Amino acid sequence: MKLVFGVLGAIMLGTTPVWAHAANQGFVLLLPTTAYIAGGTITVALTILLLIFAKPGTIDAVMQPVPLRFRASKLPLRDWSQSTGALCLALLILIGLRGPTDPQANLLPLVIWTVWWMLFFVVQALIFDLWSWINPFPAVHRMLMSEHRVILNLPSRLSIWPAVVLMAAFQGFVLADTAPNDPDRLAVFALGYWALTLVGMTVFGREAWLKQVECFSVLFALIGLIRMGRSNRLGLPGWQLLQDRDHDLSHAIFVVVILAAGSFDGLYETFWWLAKIGVNPLEYPGRTALIMPTLIGLYGSILLLTIILAVAAFSGIKWVKDPVPFKAAFIGFAITLLPIAIGYHFAHYFVTFLVQIQIVVASLADPLAQGWNLFGLGNRRVLVGFLTVPENVKIIWFTQAGMVVLSHVLAVVLCHRTAEAMVSSRRDVVMLQLGLSILMIFYTIFGLWLLASPRGA
């Protein structure tokens, strides 16, 4: 036995640093999460209770934005920055096709999934309108066809339904595709979507296509309504959502797709889900074997959340004295779920981002696997040891849980203000949002449970 431990010790002393990465929720949370889930749920419930006794107009007074004294630059900087974004995307596609085949060494999947889908999403929603500055799609179209005539007009009655379909398809690719991280596969996907967008802008017009069909422009425009600042005004998160009333059923379903997909993204790797589809977590068969269960689960989640939200809205209007159209209630309440979708996105990817962003930085040293050491980054180590320290894990989970709870609190505030705009009496305001309030309480429990659930994939 001593000989065995001696050999193991010698092997450990002779090891070198390992390039590694963590999967989504890559650690099992060993905390008394029941107490924290209860605390988060009580916080949301107390917010609902406090708003019941708040005076009408309080939310408008608190969330009223203040003007800022500055003038926007008239220089065509946005055209140049979008051209830079197009150049960067073209280089990333080239790296995806000609660079390393390892997704953890190729900049295309690293930048797309870590920098763009994780980091830029949060920046766009909470800090700055980044997408309007880096959007690569209009830049190339302006360059190739600066003055073109629209061949066909997109009917305004279509609204953003095409973008809803494309976003649902994109979520299917992310969750169910056999290898969405594969550089070649992702490069072909990005190039194909870019070509589709260029053709669409040429046929239907640049502005119309970006506003109604291009799902990422629609996505970033919607989540940007939670941002505190816009133009020369600054207010509390969500003030733009209260003032922007130009939403229809397609916008509501788009929000449902984002929220349902984000929730299922956290669910489909849990032991609970794997048990439901008959998969042993210790004998995971791989993504290829689970394409259909994943697609059924994803689109079933979207349908289920739509039905639950419809029931919540319908149950509310049945209790009020003032007549409220069901469609208006459904749209208004669905839009107020937008902060929850953003909060889930942040919480779900937070651990992955902390590790993957280190790999992105290190991969900048040798993007084409030629043995380079650009910027002196080749010797950087990817640190994952912080995930084994209980104190660090507590901080990470508190950050994730805090974002989920805060997003629900903001959604409750926006829901209350939406109800105030539809009915006149305080009783009707309370009864109108009763079903949605119950939904938000249970969704809080569900979201916090997802964070603490072990993964088997």
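The values are calculated or read from the model by the stated rules, or taken from the named source; none is laboratory data. None of these values were measured; they are calculated from a predicted model. No Cβ is skipped: glycine too gets one built from the backbone with ideal geometry, and neighbour counts run over all protein chains shown. Heads up: the accessible areas ignore ligands, DNA and RNA and are worked out on the full protein's heavy atoms, side chains in. Shrake-Rupley method; radii C 1.70, N 1.55, O 1.52, S 1.80 Å.
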Please give the FRET efficiency for ALA195 paired with ARG427, using the beta carbon to beta carbon distance and R0 = 45 Å, rounded to the nearest 0.05. 0.20
When a/c reaches 1.5 or more, the comparison of a/b and b/c decides; with that in mind, is the range 118-166 rounded, prolate or oblate per its Cα gyration tensor? oblate
What whole-number distance in Å separates the alpha-carbon centres of the range 332-372 and the range 128-180? 21 Å
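Looking at the range 361-431, which chymotrypsin sites (Phe, Trp or Tyr not before Pro) are DSSP coil and have at most 15 other C-beta atoms within 10 Å of their C-beta? Write down the numbers at each step before the final one.
Numbers: sites: TRP372, PHE375, PHE386, TRP397, PHE398; in loops: TRP372.
Answer by residue number: TRP372.
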How much FRET efficiency would the formula 1/(1 + (r/R0)^6) give for GLN64 and THR84, where r is the Cβ-Cβ distance and R0 is 35 Å, rounded to 0.05? 0.45
Stretched out fully, how many nm does the piece from GLN370 to PHE446 gain, at 0.36 nm a residue minus the Cα gap? 22.7 nm
Convert each backbone phi in the range 120-128 into a coupling constant with the Karplus relation 6.51 cos²θ - 1.76 cosθ + 1.60 (shift: θ = phi - 60°), then list the ³J(HN,Hα) values in order as whole Hz, x for Gly and Pro. 4, 4, 5, 4, 4, 6, 10, 10, 8
Candidate aspartates and glutamates - alpha carbon under 17 Å from LYS318, same-chain residues fewer than 8 apart omitted: GLU420, ASP428
Pop the C-beta distance of ASP129 and GLU283 into the FRET formula with R0 = 41 Å and round what comes out to the nearest 0.05. 0.30
In square angstrom, what is the accessible area per residue of the chain with a 1.4 angstrom probe? 50 Å²
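How many percent of the accessible area of the chain is carbon or sulfur, using a 1.4 Å probe? Intermediate results must be reported in sequence, preceding the final value.
Working: 15710 of 22780 Å².
Whole-percent figure for carbon plus sulfur exposure: 69.
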Can you run phi through the Karplus equation (6.51, -1.76, 1.60; θ = phi - 60°) for the range 52-58 and list ³J(HN,Hα) in whole Hz, with x for Gly and Pro? 4, 8, 6, 5, x, x, 5
Pop a pseudo-label 7 angstrom from the Cα along the beta-carbon direction at both ASP244 and LYS276 and give the gap in nm to one decimal. 3.2 nm
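Where does each of 346-354, 234-242, 361-369 land if you order them by average Cβ count within 10 Å, highest first? Walk me through the numbers before you get to the answer.
Numbers: 346-354: 21.2, 234-242: 19.3, 361-369: 17.6.
Listed from highest to lowest mean packing, they are 346-354, 234-242, 361-369.
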If amide H atoms are modeled at 1.01 Å from N in the peptide plane, then the residues at a separation of 5 or more from ARG233, or on another chain, having amide H under 5 Å from its own are LEU68
Let a ≥ b ≥ c be the square roots of the eigenvalues of the Cα gyration tensor of the chain; is it rounded (a/c under 1.5), or, if not, prolate (a/b larger than b/c) or oblate? oblate
With all protein chains present, calculate the accessible area of HIS345 using a 1.4 Å probe and round the result to the nearest 10 Å². 20 Å²
The local net charge around ILE226, scoring Lys/Arg +1 and Asp/Glu -1 for residues other than ILE226 whose Cβ lies under 13 Å from its Cβ, equals 0
If N is the residue count of the range 41-156, its Cα Rg over 2.2 N^0.38 Å rounds to 1.64
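Determine the gain in length on full extension of the stretch ALA328-ASN153; use 0.36 nm per residue of separation and subtract their C-alpha separation, reporting nm with one decimal. Could you put the intermediate results ahead of the total?
Working: separation 175, 0.36 × 175 = 63.00 nm, distance 2.76 nm.
So the chain would gain 60.2 nm between ALA328 and ASN153.
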